[in-house]
Every structure is written in structure tokens, then in C-alpha cells.
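Asks: Shown below is the structure under consideration.
The values are calculated or read from the model by the stated rules, or taken from the named source; none is laboratory data. Given the structure is predicted, the values throughout are model-derived calculations rather than measurements. All Cβ positions, glycine included, derive from the backbone under ideal geometry; neighbour counts span all protein chains shown. Surface areas here come from the heavy atoms of the whole protein model, side chains and all, with no ligands, DNA or RNA. Shrake-Rupley method; radii C 1.70, N 1.55, O 1.52, S 1.80 Å.
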Amino acid sequence: MLVVGAVLDIEGARPAYVRLRAGRVTEVGSLGTEGRRRGETVVRGIVVPAPVNAHTHLGDSVSVREPPPGPVSRLIQPPHGYKFRLLANASRAEKLSAMRAALRRMAREGVAATVDFREEGRPGVELLREAARGSPVRVYALGRPLARPVDQHELRRLLAVADGIGLSSARDETDETRRTVARACRAAGRKFGLHASEAVREKPERFLDPHPDLLIHLAKATPDDLAQVRDERVSVAVCPRSNALFARQPDLGAMERLGLSVLLGTDNAMFHAPSIWREMEFAYVGSRLRRRPVSAAFVARAALVEPWVWLGRPEAALVIPGMPVAPVVLRLPPDDPAYQVVTRTTEHLMARPGARERRARR
Ligand SMILES: [Zn+2]
């Protein structure tokens, strides 16, 4: 397949052609120098790195109903919130099939990886691993220990199967719990993340100590708080649709202006489909509705580039021959690529390079 149009990746947007074989990039060059090969499919479009969904709770997909009225705390607060009752009442088989369905949807939308906060201790992570078996979506599972105070044995067993730990908020956990968990993650070379300033503002002194690898939300953070997060070089995963459901929004405009490392996620799968493309459009349009506009380039980076950098795999965000993760080809007009990608992408505009060749090889 030959894509004539533009590339949008870690180096920004530029006119280019990209040649692919079996989904993999074999050639990238300047427009006009591509040449034509007989029998080659030619697409006018934009090539982007495969997106990453930087914050999900896929276990929640056991329920897809409209959330009941009431404050978010009653819905998602551990251990007795609506969500945790649903999880407790769902069978293993129900959770497994719900997570598989969510991963299938992500795969169809070209998502290459997801960073999931998996509750329910080590069994929760193991269940997610089982659901992800055979899926093209790479799952980074941040588990959550069950016992309080934290049990060292449980923590070690959890970190043996998880990519890290994802806690509820600093408000929901003691300083001692956060310290124990952060120390164990650091020692095991794993990630430590937590939710922060979602429903109410929390003090950066608390959620930045001990130093996390990832903060989720910061919907109620002030510009000064955000500047502190930037200075501590901590990345933020924002979930604008999830926040909007409860009448809040992260200040994306300030985050862009201050130069934070921002990743995009779809949060609780019970409330929103894990569609990173829908999240991108909402993030962009929502920021304008709130009169805190962000650039389309910033939103595109939050889904296509920053998560790869955070995962320590920036090479997956650069469209060149040999890139380790197959890119996504979008049949979109290549003018102003970031704006096109953020506001217009839907699944049916994805060209599937190599699908035919892969079938033929089987
Ligand atoms: Zn979350």
C-alpha cells in the first residue's frame, strides 16, 4: 500500500508518502518522489503512530448502563461505591467476556496499547491478562492491592504479575499506603500511578509525595498545581468525557500552555466506550466550549505520542521503516493533519494495510 499525503508523529505533521507492506512501514519520503508500482493500492491520507489509551478501567465494562444519579463519590469510590458493588456481583465469566469485548473494540479502532487500572488485587490482574491473551492490544496492567494496611506479601505477589500499581486518590489512601506502594514499585522497576484532584482539589504536596509516575485527572487542579506537576516531571492522564459526565473538565488549555506531559484516556468502561478517537474529539471541542482552547496538535500528541514516551518506547511514535508498532492509516484529507485526525477520525476511515496479505499467508 502506498499512502500519499501526510505523516503526523512525534516530530509533528509533514507532507510525505509512506509505503507499507503487511501493515509495516517500508519507505517514507517526500511527496512527488514516491513512484508507482503496478498493483499497489494507493490511498490519499494520513499515517499516524498507533494510539494508546492511557487510562482505562476495563473491568468496569461488566455494566454499560446509564449511571444512576448522585455524586461521583457514591459511584466509583472504593470499597462500597456502585462500581465496586457491580464488580463484586459480576461473575468471573461475565468480567472476562466484558473485558474481551472492550479489547476487541479497541483493536478494531487501531489502539495498540492500554494502561489499565485493574482493581481486585492479583486475581483482578490475572483475569485481565487472561482476557488480553491473543489480543493485539498490549495491556499495561496497574493493579491494586486489597489489604489495608498494605500487606508486603500481597504487594510482592501483585507486582509479580502487574506492570505497576494504580491507586484510588491520595484522599482515599493513607500516606503510609502511598509510601509503601511507591517504594515497592520503585524497587521492582514498575510504575506507580494514582488519581488526583478529580472531584475536589487536592494538595500537590500530598499527591506528589511520594513521586508518582502518573497522575490521573487533575480536573480540579489550579494552574499553580499544574506548574508544580510539570516541575516534578510527572505525566498526567486526562479523561475529559469521564469528567464531563460529572460536570467537570481538566484545564487542557493551561496544561498545554505550561508544557505538561499529557496523555489521554477513556476511564471507566461502564460510562464510556474505550474509544480514544471519540475522546480526542471531545477533548478538543470541550476545551473550546469551556473557553480554554487547546490546539489539535496537543490533543493528537496526547493519544499518539506522549503515552509511548511515558512507556519508554518513543520509537513507536516515529513513522519510519522498522518502527516497532504498526502505524494507523487514515483516509482523511492530508491538509492540516492534526485537526483532521482529532476531529474527523472514525473506525471506517481506517485503511487496513496488509489485511489481505496477512490472510493470504495463513
Ligand atoms: Zn480512573
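Asks: For the range 68-96, which positions are touching a residue at least 24 places away in the same chain (Cβ under 8 Å) and open to solvent by 40 Å² or more (accessible area, probe 1.4 Å)?
Replies: We begin by selecting, within the range 68-96, every residue touching a residue at least 24 places away in the same chain (Cβ under 8 Å); these are 71-73, 76-78, 83-84, 86-87, 90, 92, 94-96.
Across the range 68-96, the qualifying residues are 71, 73, 77, 78, 86, 92, 94.
Asks: Kindly indicate whether any position in the range 90-97 is over 21 Å from the mean Cα position of the chain (by Cα), modelled with pLDDT of 85 or more, outside any helix (DSSP H, G or I) and away from the ligand (no atom under 16 Å from the Cβ).
Replies: yes
Asks: Can you tell me which residues in the range 236-283 are surrounded by fewer than 24 Cβ atoms within 10 Å (Cβ to Cβ), of a type in the set (D, E, K, R), under 18 Å from residue 300 (Cα atoms) and in contact (Cβ under 8 Å) with a residue 24 or more places away in the chain?
Replies: Scanning the range 236-283 gives 241, 251, 256, 278, 281.
Asks: Assigned to a helix (DSSP H, G or I), more than 12 Å from the chain's Cα centre (by Cα) and touching a residue at least 12 places away in the same chain (Cβ under 8 Å): is that true of residue 316 in this structure? Break it down into steps so the answer makes sense when it comes.
Replies: Working: assigned to a helix (DSSP H, G or I): yes; more than 12 Å from the chain's Cα centre (by Cα): yes; touching a residue at least 12 places away in the same chain (Cβ under 8 Å): yes.
When the stated conditions are applied, residue 316 passes them.
Asks: Out of the residues in the range 183-199 that are open to solvent by 60 Å² or more (accessible area, probe 1.4 Å) and on the phi < 0 side of the Ramachandran plot, which is nearest to the chain's Cα centre (by Cα)?
Replies: Our first condition is that a residue be open to solvent by 60 Å² or more (accessible area, probe 1.4 Å); within the range 183-199, this holds for 183, 186-187, 189-190.
Next cut, on the phi < 0 side of the Ramachandran plot only: 183, 186-187, 190.
On the way: 183: 24, 186: 22, 187: 25, 190: 17 Å.
So the residue we want is 190.
Asks: Identify, by number, the condition in (1) more than 24 Å from residue 65 (Cβ to Cβ); (2) within 16 Å of the ligand (Cβ to nearest atom); (3) of a type outside the set (S, T, N, Q) that residue 293 doesn't meet.
Replies: It is condition (2) that residue 293 fails.
Asks: Can you tell me which residue within the range 200-209, out of those that are farther than 27 Å from residue 158 by Cα and within 16 Å of the ligand (Cβ to nearest atom), is surrounded by the most Cβ atoms within 10 Å (Cβ to Cβ)? Steps first, please.
Replies: Our first condition is that a residue be farther than 27 Å from residue 158 by Cα; within the range 200-209, this holds for 200-205.
Those still in the list that are within 16 Å of the ligand (Cβ to nearest atom) too: 200, 202.
Values: 200: 11, 202: 21.
Filtering first and then ranking leaves 202.
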